[in-house]
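The values are calculated or read from the model by the stated rules, or taken from the named source; none is laboratory data. Since we're looking at a predicted model, the values are computed, not measured. Don't worry about glycine lacking a Cβ; one is built from the backbone with ideal geometry, like all the others, and counts go over all protein chains shown. All accessible areas refer to the heavy atoms of the entire protein, side chains included, with ligands and DNA or RNA removed. Shrake-Rupley method; radii C 1.70, N 1.55, O 1.52, S 1.80 Å.
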Amino acid sequence: VQLQASGGGLVQAGGSLRLSCAASRSDFTINFMAWYRQVPGKQRELVASTTVSGFTNYADSVKGRFTISRGNAENTVSLQMGSLKPEDTAVYYCAARTSMNILYWGQGTLVTVSS
């Protein structure tokens, strides 16, 4: 499975950005898609996730500001980010897990929030 992420960029604090991710065709069901982020020197952290059944989960730091959603096209996911803060600056990675319990990663997209 290959994941293609897009939508990163530079935005001022308080602004919004939308990240999108599309997974290539998979022989197995993709039952979990998520966004992670990482800053230099820190571990990659889960930002938001969604399952095929519609369950969503958010990091406490983004609750109420970010929304993850699966797209109309199969195996696509978006992350709508609002009220962005400088501490949201990171490389954001799209991830997808198949029914074989294998987690795949996208290439990462940089989000920079200026104060």
Can you send over the solvent-accessible area of Thr50, 1.4 Å probe, protein chains only, in Å² to the nearest 10? 10
Please state the charge dipole magnitude for the chain, taken about the Cα centre, from unit charges on C-beta atoms (+1 on K and R, -1 on D and E), reported in debye and rounded to the nearest 20. 80
Please go through segment 4-68 and write out the trypsin sites (Lys or Arg not before Pro) that DSSP classes as loop and that have at most 12 other C-beta atoms within 10 Å. Arg25, Lys42, Lys63
Given chymotrypsin sites (Phe, Trp or Tyr not before Pro), DSSP loops and at most 14 other Cβ atoms within 10 Å, the longest exposed-site-free stretch of the chain is 56-115
Could you go through segment 107-115 in sequence order and give the Karplus-derived ³J(HN,Hα) for each residue, using 6.51 cos²θ - 1.76 cosθ + 1.60 with θ = phi - 60°, rounded to whole Hz, and x for Gly and Pro? 7, x, 9, 7, 10, 10, 10, 8, 8
Taking placed amide H atoms and a strict 5 Å upper bound, the residues 5 or more places from Val47 or on another chain that come that close are Trp35, Tyr36, Arg37
Loop GluC sites (Glu not before Pro), segment 39-97 (other Cβ atoms within 10 Å of the site Cβ: 12 or fewer; DSSP): Glu74
Accessible area (Å², per residue) of the chain, counting only protein heavy atoms and a probe of 1.4 Å: 54
Taking all protein chains as present, what is the carbon and sulfur share of the accessible area of the chain, in % to the nearest whole number, probe 1.4 Å? 48
Residues with beta-carbon under 15 Å from that of Ala5, excluding Ala5: net charge, scoring Lys, Arg +1 and Asp, Glu -1? +4
If you place +1 on the Cβ of every Lys and Arg and -1 on the Cβ of every Asp and Glu, how big does the dipole about the Cα centre of segment 44-106 come out, in debye to the nearest 20? 60
Roughly speaking, what is the stretch gain from Thr112 to Asn72, that is 0.36 nm per residue apart minus the C-alpha to C-alpha distance, in nm to one decimal? 11.6 nm
Could you give the nm distance between label points at Ser16 and Phe55, where each point is 7 Å from its Cα heading toward the beta carbon? 2.9
For the chain, what relative contact order do you get, as a whole percent, if you take Cα pairs closer than 8 Å and at least 6 residues apart? 37
